[in-house]
Amino acid sequence: MSDLAPTAVAVLKHIVRSIVDDPDAVTVEVDESGSRPALNVRVGDGDLGRVIGRRGRTAASIRTVTRAAASKDDVELDIEFLD
């Protein structure tokens, strides 16, 4: 877990693990190389579509909830879903 935004990382992992078929394959990495820190989410084969959802609505909702949790950590984050 990250020291940067522990609440946001925990919330993000919980939400994504509850959506996918293989919750053990979910990983969340913190990338601080950009202008704003990013949480990079990787899921198992075939689960990315479930996380993104139709027209990206599920991903947008996950981003909204995770950013709200990050505000508790006093951090602004980007959330990226990677293959």
### Query
Are any residues in the stretch 1-27 touching a residue at least 24 places away in the same chain (Cβ under 8 Å) and farther than 11 Å from ALA69 by Cβ, and if so, which ones?
SER2, LEU4, VAL16, ILE19, VAL20, ASP21, ASP22
### Message
If I ask for residues that are in contact (Cβ under 8 Å) with a residue 24 or more places away in the chain, assigned to a loop (DSSP other than H, G, I, E, B) and of a type outside the set (Asp, Glu), which ones from the stretch 28-37 would you list?
### Response
GLY34, ARG36, PRO37
### Message
Anything in the stretch 1-20 that is modelled with pLDDT of 95 or more and either loosely packed, with under 11 Cβ neighbours inside 10 Å or over 13 Å from the mean Cα position of the chain (by Cα) (or both)? List them, or say none.
### Response
SER18
### Query
When you look at SER61, is it small (Gly, Ala, Ser) and at pLDDT below 95, yes or no?
no
### First in the stretch 38-51 and of a type in the set (D, E, K, R), second anywhere and part of a strand (DSSP E or B), Cβ under 7 Å, 6 or more apart
ARG42/THR27; ARG42/LEU82
### Task
Under 7 Å between Cβ atoms, at least 6 apart or on separate chains: pull out the pairs that start in the stretch 62-83 with a residue that is assigned to a helix (DSSP H, G or I) and end on any residue that is among the small types (Gly, Ala, Ser).
THR66/ALA8; ALA69/ALA8; ALA70/ALA5; ALA70/ALA8
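The values are calculated or read from the model by the stated rules, or taken from the named source; none is laboratory data. If you're wondering where the values come from, they're calculated on a predicted model, not measured in any experiment. Cβ sites come from the backbone with ideal geometry, for glycine too, and all protein chains shown count toward neighbours.
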